[in-house]
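Some notes on the structure that comes next.
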Amino acid sequence: MRSSIVAILLCCQFINVAAAAVGHRDAIRPERGEPVDAVSKFRSPDALIFDAELTKLAPESDISNALEAQSEYFLDRFREATKEQFGKAVEKSRLLNKKRIGEASAKPPAKRSPRIYGKSQLPADFLEPGMIPAAEYPTRPADPADGIDVVEVETDTSFRSTATEQKVTDLPEATVTRVQAVDSEVGFDGKNTMSKRMSTDETVESASKSDAKKVTKTSKNSFAAAFEICPDFEGVVRGTGTVKFYSQTTINTGRQLAALTTDFTVDFRVTAYVNDDAEMTHFDLKGTAIEKTLGFDRARRLDLITSTNGVTDGTRSAFIQFENNTPPRSVESEFGGKRSVSAELGNGTSKPLPTNTSADNLRLDQASRLASEAFVIDLDLLMRSSISRWQNYECVTVKCTAPKTSLMPNESVDVAAVSVSNLDQSKFNAKLNGTGTRSVTPEVQDAKPSAIYSLTAPDKEKATLIVKSVSRRGIGLEVLEIPVEESKKKPPVKKGPPPPKATVPIWTGTVKAVRTYKNFERGKADGRLLRQLRNVESTYNIEILLTGDRDLSGGIVNNFIGNARAGYVKEETRERLYASGRMSCNSSIIESPETQKNILTYRGDSSGRVNVAVAINGSIAHIDFSPLPLQAAFTHAYIYETACPSYNNVNTKTVRSEHLIDVTESGFEVDFSIDPSAANVLTGSKTVTESDGSETTYTWNLSRV
């Protein structure tokens with residue numbers, strides 16, 4: 001099997017392609033359970049030479065296939081011994097997350113009405129069928145009777161397993177010694193990322209019995225993938241990964257020595273997107289492939305090898321990209337049940353450097369295909385785990401608050417429900433579905449971010465409200481139970497005289513305010529700095545619905561209570577343009593201009609109650625109110641643009657703050673002229689320029705009775 005693969009790859013070395021496009025849809029269909037299986041057919045340039053030299057030492061043996069069988073059997077036994085590793089790590093991360101969420105909710109203490117929780121009242125069919133919470137660990141069966149010595153190490157956040165094996169094969173012409181080690185680890189960063197890595201280390205030495213010649217190959221392959229558990233506020237889940245193939249063939253004739261080295265690395269970045277139904281719609285994958293070869297030129301000069309098939313010493317690289325790839329999912333099977341479909345990469349593109357040769361691009365394309373195939377196997381497992389967790393209530397908490405700790409039979413009470421992210425403790429918009437023991441209205445609501453349910457108690461026992469939240473941040477579930485008191489007969493209450501009618505009119509209607517701020521600055525240029533710009537734009541909007549109630553707590557009779565919703569968006573862009581200068585790019589010096597961009601983005605929303613003061617003095621009306629307290633999520637994007645793609649790729653990134661930023665706004669007030677004869681209805685709009693240069697547009701539609 002190995003010899004046929006070698007022959008195919010040797011032929012492929014001579015195919016002339018200018019720039020190979022990477023198309024992986026047919027290749028990425030993993031049927032075996034580990035990345036090392038996906039690259040079992042990979043042969044680096046020096047490994048091809050090793051196979052040829054091994055055939056020269058033992059021409060009559062089938063040692064290549066024997067070595068491959070030994071390696072696969074060793075890995076099979078290791079997988080069988082460690083198949084519970086991933087499930088254990090997932091369970092440990094759940095426990096750590098529960099502890100972290102508990103600590104986060106305790107700082108600062110939340111001001112809520114007393115609640116009684118319980119899960120016993122869930123309807124039997126409430127939980128929809130879907131992916132099981134604990135993702136299955138894919139393995140191939142091995143003979144449990146043939147044991148393997150595995151060393152396991154458990155830490156607070158990870159499970160690691162290692163094993164080694166040594167085999168000596170005595171042939172008539174040579175002695176072949178194979179030493180192999182494997183290292184596997186699954187971990188949790190304590191915040192929001194699960195990771196999985198595996199590395200194999202193998203050394204095969206063939207020593208001739210007729211002379212002093214030795215041929216040795218050292219192979220080091222490693223596969224690492226990391227993926228976030230919970231989506232962020234935009235419904236984005238990110239991941240990273242690295243696949244490395246390192247191989248070195250050493251030829252020792254007793255008088256001459258040559259070491260041929262191939263070092264191939266692909267670094268991956270994953271961006272996955274979740275819709276408002278908590279489903280992953282697609283994901284994008286980008287990678288940087290780098291190949292380094294050393295020792296081929298010297299071995300050719302010493303006549304230790306006759307051909308390198310176009311391989312020379314040096315460094316080559318290419319950028320690969322796959323967009324709109326299909327995530328793992330469950331589909332209807334032909335027999336009417338559910339079956340799982342693995343993640344699939346669509347057609348990709350490859351952008352090699354112009355200095356690469358056709359043979360270089362062919363090797364990079366082939367190795368990139370295998371590296372992507374290997375990476376997607378681990379990524380598929382991590383994605384399945386994350387999807388299962390955010391769809392099974394681990395990423396979102398629904399908080400329900402009621403003004404009472406007990407109810408009378410058939411009594412109704414308003415319950416506020418809001419969705420809270422377990423990742424950053426922020427409140428967000430979601431679709432809510434409410435059910436209960438008797439009457440819950442309205443059942444389906446769009447919470448922005450909170451919603452109000454009217455819950456009617458039954459005749460006895462408990463009033464139960466079950467609220468399910470669905471959004472791009474995941475699915476959450478909460479059960480609120482309020483005891484129902486036994487009804488008691490009360491003596492009739494004598495009715496007194498009716499209260500006097502209020503002498504102050506009551507205002508109802510809506511008040512809106514949109515405050516925008518724009519500022520553009522051009523900094524001073526200096527030296528290589530040709531241009532320096534800073535642009536800031538922000539919008540704070542608030543909409544208030546007056547309920548018809550007054551707040552008399554401060555002794556002010558024209559303060560009217562309103563239910564308010566507020567949103568805030570701010571983007572600050574900083575840009576610097578530098579003239580051309582010398583810079584390092586892939587071990588070369590190039591001349592290139594450089595642009596550095598920093599984009600700071602703040603987003604947040606809030607809801608609550610505010611007091612709106614409405615006053616009329618002759619032909620002048622006055623409205624004022626305070627802004628809602630609001631916290632915003634913060635992201636900082638660093639973008640580099642030069643003529644060196646690898647430099648741009650390494651330095652371009654987006655950082656998301658784990659903490660929310662308090663947004664402070666000054667108060668809102670506006671005066672406007674009215675017709676005193678029609679002072680019971682106020683309708684209009686006015687734009688006011690504030691002292692800091694911002695503009696606020698007020699819109700009001702009020703009436704009084």
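The values are calculated or read from the model by the stated rules, or taken from the named source; none is laboratory data. No experiment lies behind these values; they were computed from the predicted model shown. Reconstructed Cβ throughout: ideal geometry from the backbone, glycine too, with neighbour counts over all protein chains shown.
From the list Ser372, Ser406, Ser388, Ser342, which one is more than 22 Å from Val243 (Cα to Cα), in contact (Cβ under 8 Å) with a residue 40 or more places away in the chain and within 23 Å of the chain's Cα centre (by Cα)? I'd like the intermediate steps shown before the answer.
Details: Ser372 fails: more than 22 Å from Val243 (Cα to Cα); Ser406 fails: within 23 Å of the chain's Cα centre (by Cα); Ser342 fails: more than 22 Å from Val243 (Cα to Cα).
Sole residue among the options that is more than 22 Å from Val243 (Cα to Cα), in contact (Cβ under 8 Å) with a residue 40 or more places away in the chain and within 23 Å of the chain's Cα centre (by Cα): Ser388.
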(request) Within region 270-317, count every residue that is surrounded by 20 or more Cβ atoms within 10 Å (Cβ to Cβ), among the aromatic types (Phe, Trp, Tyr) and within 38 Å of the chain's Cα centre (by Cα). (result) 1
(request) Would you check if Thr261 is surrounded by fewer than 24 Cβ atoms within 10 Å (Cβ to Cβ) and more than 30 Å from Ala212 (Cβ to Cβ)? (result) no
(request) Test each condition in (1) at pLDDT 90 or above; (2) surrounded by 23 or more Cβ atoms within 10 Å (Cβ to Cβ) for Ile377 and report the one that comes out false. (result) (1)
(request) Please work out which one of (1) touching a helix residue (DSSP H, G or I) at 6+ places or on another chain (Cβ under 7 Å); (2) free of Cβ contacts under 8 Å to residues at least 40 places away in the same chain is the condition Leu260 fails and give its number. (result) (2)
(message) Is it the case, given these coordinates, that Arg363 is among the basic types (Lys, Arg), modelled with pLDDT of 90 or more and more than 30 Å from Glu461 (Cα to Cα)?
(response) no
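Of these, Arg704, Arg656, which one is under 45 Å from the mean Cα position of the chain (by Cα), of a type in the set (Lys, Arg) and surrounded by 15 or more Cβ atoms within 10 Å (Cβ to Cβ)?
Working: Arg704 fails: under 45 Å from the mean Cα position of the chain (by Cα).
Exactly one residue qualifies, and that residue is Arg656.
Picking from Ala163, Ala207, Ala181, Ala212, which residue would you name as being in contact with a strand residue (DSSP E or B) (Cβ under 8 Å, 6 or more places away or on another chain) and crowded, with 20+ Cβ neighbours inside 10 Å?
On the way: Ala207 fails: crowded, with 20+ Cβ neighbours inside 10 Å; Ala181 fails: crowded, with 20+ Cβ neighbours inside 10 Å; Ala212 fails: crowded, with 20+ Cβ neighbours inside 10 Å.
Just one listed residue meets the conditions, Ala163.
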(message) in contact with a strand residue (DSSP E or B) (Cβ under 6 Å, 6 or more places away or on another chain), on the phi > 0 side of the Ramachandran plot and modelled with pLDDT of 85 or more: is that true of Gly509 in this structure?
(response) yes
